[in-house]
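Values quoted throughout were computed directly from the atomic coordinates according to the rules given, and no laboratory measurement underlies them. As the structure is a computational prediction, the values presented were derived from the model and not from experiment. Don't worry about glycine lacking a Cβ; one is built from the backbone with ideal geometry, like all the others, and counts go over all protein chains shown.
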Amino acid sequence: MGFAAQVRELTRVDHRAAQNATYFDSLLAGQLDRSGYAALFEQLYVVYQTLEEAAEAMRDDPVAGPFVVDELHRLPRITADLAFLHGPDWASRIAPSEATRQYQARLREVAFTWPAGFVAHHYTRYLGDLSGGQVMVRALRRSFGFDEDGVRFFLFPGLEPRAFKQHYRDLLDAAPWDEVERQRFLDEVSWAYRLNTAMLDEVGRTVVRSSAA
């Protein structure tokens, strides 16, 4: 079993917890309005702004640099989706929750100076987006009638998902980490999934409170 396959297997529980967040259940079931949907991007904006700043810091690193692929970058697409959903004052809506601030703090702690830490967070975010994007697009188009505006975050023009994910796994398999560093990487992937789940849970609670008000 290659290292990429080990990562997938050994972090499966944390991955499933993130996938099964109540917020996504509600979103996919068509139970949220546009404001409830936009609440997700208000938090993801903070996460991706930080992660993509880290990508620039890591671009020339011999190990982390090959993972930096401009076609993956989500921040311009989050900005476009927020502008579509909220209008020109979208930036005034960006207010990170406590869970998002903790997520951002961890990114700042590890993703700018530790190559494997950067890759751990990069892996959990972008491969998840690439894998689940088409499912989300279909559900959101059913719920809201979107075409491209409103779902740009989930679209990856210029990338063929299957081929790119294999390329990404090949990079993980080839990463020159010893067993200690591989374990640190696995621990950070699990931590990244838990931070993401906490953020999603907080978004879900906020949306419920707003709906009840």
Inset, instruction - Place a +1 charge on the Cβ of each Lys and Arg in region 3-212 and a -1 charge on the Cβ of each Asp and Glu, then give the dipole magnitude about the Cα centre in debye, rounded to the nearest 20. - result: 660 debye
Inset, instruction - Net charge near residue 153: determine it from the other residues with C-beta under 15 Å of the C-beta of residue 153, scoring Lys and Arg +1 and Asp and Glu -1. - result: -1
Legend entry - GluC sites (Glu not before Pro) restricted to DSSP loop in region 95-171 with at most 15 other C-beta within 10 Å: 148
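Are there any chymotrypsin sites (Phe, Trp or Tyr not before Pro) in region 95-172 that are in a DSSP loop and have at most 12 other Cβ atoms within 10 Å? List them by number.
For chymotrypsin sites (Phe, Trp or Tyr not before Pro) across region 95-172 that sit outside H, G, I, E and B with at most 12 neighbouring Cβ atoms in 10 Å, the list is empty.
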Legend entry - the chain: DSSP helices with Cα axial extent of at least 30 Å and average Kyte-Doolittle hydropathy no lower than -0.5: 34-58, 179-212
Legend entry - region 163-184 versus region 78-135: alpha-carbon centroid distance in Å: 22 Å
